[in-house]
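The values are calculated or read from the model by the stated rules, or taken from the named source; none is laboratory data. Predicted model, so just to flag it, every value in this text is computed and none were measured. For neighbour counting, all protein chains shown are included, and Cβ atoms are generated from backbone atoms with ideal geometry for every residue, glycine included.
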Amino acid sequence: MKTINQRAWFFVLPVLFLVAFNALVPMMTVVNYSVQETFGNNKFFWQGLDWFEQILRSERFQAALGRQFMFTAIILAIEVPLGIIIALSMPRKGVWVPVCLVLMALPMLIPWNVVGAMWNIFALPKIGMLGYFMNDVLGVNYDMTQDPLAAWITVIVMDVWHWTSLVVLLCYAGLVSIPDAYYQAAKIDGASPWAVFRYIQLPKMKTVLTIAILLRFMDSFNIYTEPFVLTGGGPGNSTTLLSIDLVKIALGQFDLGPAAAMSLIYFAITLLVSWVFYTLMTKDDQQ
Amino acid sequence: MAEITLSHLKHAYLPQPARPEDYALKEIDVTWRDGGAYALLGPSGCGKSTLLNIISGLLTPSEGRVLFGSEDVTALPPDRRNIAQVFQFPVIYDTMTVRQNLAFPLRNRGVDEGTIAARVGEIADMLDVTDMLDMRAAGLSPDNKQKISMGRGLVRDDVNAVMFDEPLTVIDPHLKWVLRSKLKELHQRVKATMIYVTHDQTEALTFADEVVVMQDGEVVQIGTPVELFERPQHTFVGHFIGSPGMNVLPCEARGDIAVFEGHDVVLEGAVTGAGGDVALGVRPEHVSVAEVGIPATVTKVSDVGRHFVVEAQVGASSLKAVLEEAPPEKGSAVHLAFQPNKTRVYRDGWIATEARA
């Protein structure tokens with residue numbers, strides 16, 4: 001009979017402590033707010049699931065959620081293929097490798113609010129280089145402060161500029177790990193460039209690509225700083241993504257109850273989509 | 001299928017090779033008959049993989065030509081040479097089934113589905129992988145993966161040559177033997193020229209009809225396993241092939257005999273040439289304990305199972321002998337005899353005695 005040593009639990013305690021303070025306690029505070037109403041003075045009134053129902057039924061939330069899904073879908077549809085293409089065209093060896101890697105990493109090193117501010121100035125009509133070039137040189141009517149479509153395009157281009165590098169770097173890491181023998185064997189087998197991509201490069205990139213898509217999904221779904229600095233959610237509500245709306249409700253209107261309920265719904269959606277995606281992508285490997 | 005001719009091949013990885021040391025592959029000039037089994041044997045870094053890649057077309061040689069039959073293929077890419085290559089680490093297409101893997105080279109060449117199915121079935125049968133055909137190739141064990149990569153090479157019936165680049169490196173020892181005999185059997189069935197690169201003498205000698213021994217980018221000897229063993233052209237071959245390797249002993253050549261530690265040794269034939277560093281070469285298998293001969297002291301006796309390896313000291317030199325019968329005890333004084341027709345003088349490493357007619 002083997003004696004079970006319970007001492008191992010002590011080793012878990014520090015982690016439990018850390019997780020409690022950076023995740024569980026704040027999370028429970030949010031849960032606490034989401035089922036109560038408060039008018040200040042630390043007085044709380046039980047509200048049940050009313051806030052959840054109110055948020056889910058509200059057109060404002062549904063519209064923001066719709067915009068959020070559209071934004072994430074568009075940037076994934078652009079950044080993933082573009083990232084793969086750039087990674088494929090980067091040199092595998094030689095003096096240009098570090099140059100390319102640094103150039104690729106640069107956008108990601110810039111603080112998010114700086115990215116927003118940069119693109120804001122860049123895109124403003126009359127003042128910004130892009131705004132001036134579009135309006136006064138090309139003669140295209142482009143004003144992201146007035147035109148929702150222009151605002152959307154600017155937000156998306158900004159995100160592509162900022163984050164495609166992440167996909168590139170992860171894919172590149174996957175690509176350089178493929179031994180030369182695979183390419184040589186493919187050459188001997190008479191494989192076309194497409195077949196090399198489809199049967200060698202893509203399968204070898206699958207793991208890193210899964211991580212890249214997952215990270216880009218979560219980050220873009222939770223995006224706040226850059227579009228907030230760039231457009232402030234406007235014109236009108238046209239670029240008000242979920243987190244911008246959430247901050248408006250929580251800190252603008254100080255509706256802590258509905259904001260808490262919305263946070264939890266938001267969190268649940270992010271978690272659910274990530275989980276489903278990850279499970280689907282890794283299903284094959286477990287067989 | 002065709003005869004393979006390597007005509008004055010040289011290769012350097014440097015853009016402008018000047019000195020002989022710049023060449024990873026010094027001049028090679030050899031013809032391999034259609035359907036033969038050849039091995040390139042040599043230590044790591046001797047240029048054998050370079051040579052293999054030149055034949056398969058993954059590398060273009062700095063100088064010289066590669067001919068398949070009468071066709072000059074030096075400038076042709078691998079897919080136009082009709083060759084197959086099996087690499088050190090098994091290359092399989094992870095997302096495909098075994099069947100799709102085997103069919104891949106045929107599909108890429110636009111072969112019709114009926115022929116593909118027939119060829120794949122045939123090859124799978126030869127390799128004993130018929131029951132795995134519908135499994136995902138990624139889940140196979142390394143030896144089965146290596147079989148599949150061999151199969152992709154063999155599935156085309158128009159291959160000029162199948163090349164193996166140390167294919168058994170990642171295979172478990174007990175399966176190496178199985179795969180090696182499988183290869184031999186395949187060679188008899190497919191009749192394609194096979195070129196096998198290895199640093200393992202057992203693999204080379206059991207597989208090949210003819211072995212090319214290489215050292216520092218140079219071919220030191222080409223011969224059948226028996227020739228390499230019986231009459232090494234170079235001390236390197238003597239030492240590299242055989243276990244233990246040939247005894248290479250200091251000596252002086254005096255007329256037709258060699259003087260080793262003050263004792264006259266009868267040689268295979270007359271000594272040729274003059275000058276240079278002279279050494280006496282005799283395999284441990286050709287050294288015996290005798291009534292009369294060179295006096296020696298036994299310093300070590302190892303029982304290696306089938307025979308005994310005896311190490312003995314003669315003057316300042318130590319040499320090995322392989323004995324079938326019960327060996328003398330350690331520390332005992334014995335007399336050693338060298339089999340004259342297997343005892344030779346080497347000058348600067350190269351053989352310097354005339355062969356006996």
Filtered residues of the range B:118-135 (kept if surrounded by fewer than 20 Cβ atoms within 10 Å (Cβ to Cβ) and among the small types (G, A, S))
B:A118, B:G121
Determine if the range B:9-25 includes at least one residue that is out of contact with any Cys (no Cβ under 8 Å at 6 or more places or on another chain), of a type in the set (S, T, Y) and at pLDDT below 85.
yes
Can you pull out the residues in the range B:161-181 that are closer than 17 Å to B:F87 by Cα and either touching a residue at least 40 places away in the same chain (Cβ under 8 Å) or aromatic (F, W, Y) (or both)?
B:A161, B:V162, B:M163, B:F164, B:D165, B:E166, B:P167, B:T169, B:V170
Those residues of the range A:113-161 which are outside any loop (DSSP other than H, G, I, E, B) and aromatic (F, W, Y), in sequence order
A:W119, A:F122, A:Y132, A:F133, A:W152, A:W161
Output the residue which, of all residues in the range B:314-353 that are touching a residue at least 40 places away in the same chain (Cβ under 8 Å) and assigned to a loop (DSSP other than H, G, I, E, B), is surrounded by the fewest Cβ atoms within 10 Å (Cβ to Cβ).
B:A316
The range A:1-46, residues that are within 29 Å of A:L246 (Cβ to Cβ), among the polar types (S, T, N, Q), outside any helix (DSSP H, G or I) and modelled with pLDDT of 80 or more
A:Q36
If you go through the range B:36-87 one residue at a time, how many are buried (at least 22 other Cβ atoms within 10 Å of the Cβ), small (G, A, S) and more than 14 Å from chain A (Cβ to nearest Cβ)?
3
Pick out, from the range B:139-216, the strands (runs of 3 or more DSSP E) lying fully within it that include 2 or more residues that are within 14 Å of chain A (Cβ to nearest Cβ) and of a type in the set (A, V, I, L, M).
B:161-165, B:193-198
List, please: which pairs have Cβ atoms under 8 Å, are six or more places apart or on different chains, and start with a residue in the range B:102-115 that is more than 9 Å from chain A (Cβ to nearest Cβ) and free of Cβ contacts under 8 Å to residues at least 24 places away in the same chain and end with one that is buried (at least 22 other Cβ atoms within 10 Å of the Cβ) and in a helix (DSSP H, G or I)?
B:T115/B:L106
Could you go through the range B:215-225 and let me know if any residue there is within 25 Å of B:V86 (Cβ to Cβ) and acidic (D, E).
no
For the range A:170-209, which positions are away from every other protein chain (no Cβ under 12 Å) and hydroxyl-bearing (S, T, Y)?
A:Y172, A:S177
Applying the selection to the range B:97-112, what residues are surrounded by fewer than 21 Cβ atoms within 10 Å (Cβ to Cβ) and either touching a Cys at 6+ places or on another chain (Cβ under 7 Å) or β-branched (V, I, T) (or both)?
B:T97, B:V111
Tally the residues that are buried (at least 19 other Cβ atoms within 10 Å of the Cβ), touching a residue at least 40 places away in the same chain (Cβ under 8 Å) and within 29 Å of B:V226 (Cα to Cα), restricting the search to the range B:289-313.
2
Suppose we keep only residues that are under 18 Å from the mean Cα position of the chain (by Cα) and polar (S, T, N, Q) within the range B:1-55. Which one would you say is nearest to B:G223 (Cα to Cα)?
B:T31
What single numbered condition from (1) modelled with pLDDT under 90; (2) surrounded by fewer than 19 Cβ atoms within 10 Å (Cβ to Cβ) fails to hold for A:M144?
(2)
Please go through the range B:228-254 and pick out each residue that is surrounded by 18 or more Cβ atoms within 10 Å (Cβ to Cβ), in contact with a strand residue (DSSP E or B) (Cβ under 6 Å, 6 or more places away or on another chain) and in a loop (DSSP other than H, G, I, E, B).
B:Q233, B:M246, B:C251
Can you name every residue in the range B:11-34 that is within 15 Å of B:I54 (Cα to Cα), part of a loop (DSSP other than H, G, I, E, B) and not aliphatic (A, V, I, L, M)?
B:Y13, B:Y23
Restricting attention to the range A:184-194, the residues that are crowded, with 17+ Cβ neighbours inside 10 Å and out of contact with any helix residue (DSSP H, G or I) (no Cβ under 6 Å at 6 or more places or on another chain) number exactly 2
Being closer than 22 Å to A:A191 by Cβ and of a type in the set (A, V, I, L, M) narrows B:A208, B:A204, B:A161 down to just B:A161
Within the range A:153-175, is there a residue that is surrounded by fewer than 21 Cβ atoms within 10 Å (Cβ to Cβ) and touching a Ser or Thr at 6+ places or on another chain (Cβ under 6 Å)?
no
